[in-house]
Amino acid sequence: MIANKFKIGDKVRIRKDLKSNTRYGGVRFVSSMERYRERQMIICKITSQNWYELETGDCWIWTSEMFEVRKITDWKKEIGE
């Protein structure tokens with residue numbers, strides 16, 4: 001079993017450069033997901049395929065390739081810690 005990069009409760013930011021109808025880690029990013037670009041979301045579920053469900057109110061599946069990778073210090077600067 002492959003370990004997940006993230007866990008339930010983690011905050012992630014959706015990449016701004018995702019392109020519609022493109023697959024990222026086996027999941028297609030579609031146009032109705034575009035409104036979440038650059039938004040910070042919380043992981044609420046991890047599927048058996050190691051994909052993620054976010055607290056969006058929608059039933060979209062996300063992959064770690066769809067999230068920004070940032071240093072912890074960058075996040076802390078953004079939230080003022």
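The values are calculated or read from the model by the stated rules, or taken from the named source; none is laboratory data. What you are looking at is a predicted structure, and each value in this text was computed from that prediction instead of being measured. Cβ: placed from backbone, ideal geometry, glycine included. Neighbour counts: every protein chain shown.
Taking the numbered list (1) at pLDDT 95 or above; (2) under 19 Å from V69 (Cα atoms); (3) among the aliphatic types (A, V, I, L, M) in turn, V30 passes all entries but (2). Every condition in (1) assigned to a loop (DSSP other than H, G, I, E, B); (2) surrounded by fewer than 16 Cβ atoms within 10 Å (Cβ to Cβ); (3) modelled with pLDDT under 95 is met by K77 except one, and the failing one is (1).
For the range 1-45, how many residues are part of a strand (DSSP E or B) and in contact with a strand residue (DSSP E or B) (Cβ under 8 Å, 6 or more places away or on another chain)? Write out each step before concluding.
To start, the set of residues in the range 1-45 that are part of a strand (DSSP E or B) comprises 11-14, 22-24, 27-29, 40-45.
From what's left, in contact with a strand residue (DSSP E or B) (Cβ under 8 Å, 6 or more places away or on another chain): 11-14, 22-23, 27-29, 40-45.
Number satisfying all stated conditions: 15.
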